[in-house]
Each structure stands twice: as structure tokens, then as C-alpha cells.
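Please read the structure below before turning to the comments.
The values are calculated or read from the model by the stated rules, or taken from the named source; none is laboratory data. What you are looking at is a predicted structure, and each value in this text was computed from that prediction instead of being measured. Note: ideal-geometry Cβ built from the backbone for every residue, glycine included; neighbour counts use all protein chains shown. In case anyone asks, the SASA skips ligands and DNA or RNA and just uses the protein heavy atoms, side chains included. Shrake-Rupley method; radii C 1.70, N 1.55, O 1.52, S 1.80 Å.
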Amino acid sequence: MARVRIDPPEKIVFSTPIDVRLRDINTAQHMGNEAFLVAASEARARFIRKLGYVETDIEGTRLIMADSAIIYKSEVFYGQILNVEIGVSGFWECGCEFIYRMTIQDSGKLAALAKNGWVFLEKDARVKARVPEKFKARFL
């Protein structure tokens, strides 16, 4: 089986700290795989809000996740803080990618790399829409 490859974001457009909570810890006593996706989702929601949007209204469109991938690099434990950095790239007609670099705040150690593929939909019709030019221009 081929390994997933995720290149770190070329340009960081947003960064936020995420506390590792007790419910993020699995039976192996480190952060569970699903908790990394939750951390990325929280960081993305903060980022979208900072841009003045909500995921259900970005220039008259809405975002829907098409795919996700995560590469785990080191263990993360309860009480640590992840610094989640986001880059936006891979634009195509109807979507883009959000790339996440997650590091452990106190050591700077890389914990994970992740990416989500996003598709823009017409807000009410729920059919594919073109990436809003105003949104795209923020990152090019």
C-alpha cells in the first residue's frame, strides 16, 4: 500500500493554539487519531470566522469536506497544547485544499500533518459552485 504524502503548507495564513483535552486521549494514553481531525476542524472554524465567514456562507456558497488525510509524526499527551497552522492551496474550479501543520507548543516538535479537500456548493441548491473569486484572491 502506498503511503499518504502531505507537504507542509508553503504559506501559513492562520495559526491557533488547541488544548489537548482528556477526551482526546485514547487507551494508549496519547492523543487519538480522530482527535487530530477534531483539532483541525476547530482550527479551520476559527480561521473561517477570522476571515468574516461561516462555513455555510462564504460569498454566497457553502463548504463541504470531500476528503481528509493525516500523517502522525509524534505522540501528544493530555495537557499539551497543539499549535495548528493552516495553509490554503490546490485551488481548482470548485474547490481547494486546507493543509494543517500541528506542532507541540512547548517543544516545537511536529505532531501531525493533515489536509482536507473542500468543495464549494451553491448555498441553497447544494450543487457544485465555482470557488468565489474574492475568497480565492486572499490566498494567491
Exercise. How many percent of the accessible area of the chain is carbon or sulfur, using a 1.4 Å probe?
Worked result: 50
Problem set entry | Estimated inter-spin distance, Met65 and Asp124, nm [label 7 Å along Cα→Cβ] | 2.8
Exercise. Name the chymotrypsin sites (Phe, Trp or Tyr not before Pro) in the stretch 92-140 that are in a loop by DSSP and that have at most 14 other C-beta atoms within 10 Å, would you?
Worked result: Phe139
Exercise. Long-range amide H contacts for Lys109: which residues qualify at under 5 Å (H placed 1.01 Å from N, peptide plane, sequence gap of 5 or more or a different chain)?
Worked result: Ile104
Exercise. Which of the trypsin sites (Lys or Arg not before Pro) found in the stretch 8-39 are in a DSSP loop and have at most 14 neighbouring Cβ atoms, other than their own, within 10 Å?
Worked result: Lys11, Arg21
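Using DSSP to call loops (not H, G, I, E or B), can you name the GluC sites (Glu not before Pro) in the stretch 1-74 whose Cβ has at most 16 other Cβ atoms within 10 angstrom? Please list the in-between numbers first.
On the way: sites: Glu10, Glu34, Glu42, Glu55, Glu59; in loops: Glu10, Glu55, Glu59.
Qualifying residues, ordered by number: Glu10, Glu55, Glu59.
With the other protein chains left in place, how much accessible area per residue, in square angstrom, belongs to the chain at a 1.4 angstrom probe?
Per-residue value: 58 Å².
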Problem set entry | Cα coordinate range in the chain, projected on the principal axes (Å, largest first) | 44, 36, 27
Seminar exercise, completed: With the dipole of the stretch 62-140 defined by +1 on each Lys or Arg Cβ and -1 on each Asp or Glu Cβ, the option from Ala111, Phe98, Ser68 whose Cα lies farthest towards the positive pole is Phe98
Problem set entry | Using alpha-carbon coordinates, inclination of helix 33-50 to the longest axis of the chain, degrees | 50
For this session: Just subtract the alpha-carbon distance of Gln29 and Glu133 from 0.36 nm times their residue separation and send over the number in nm, one decimal.
Result: 33.0 nm
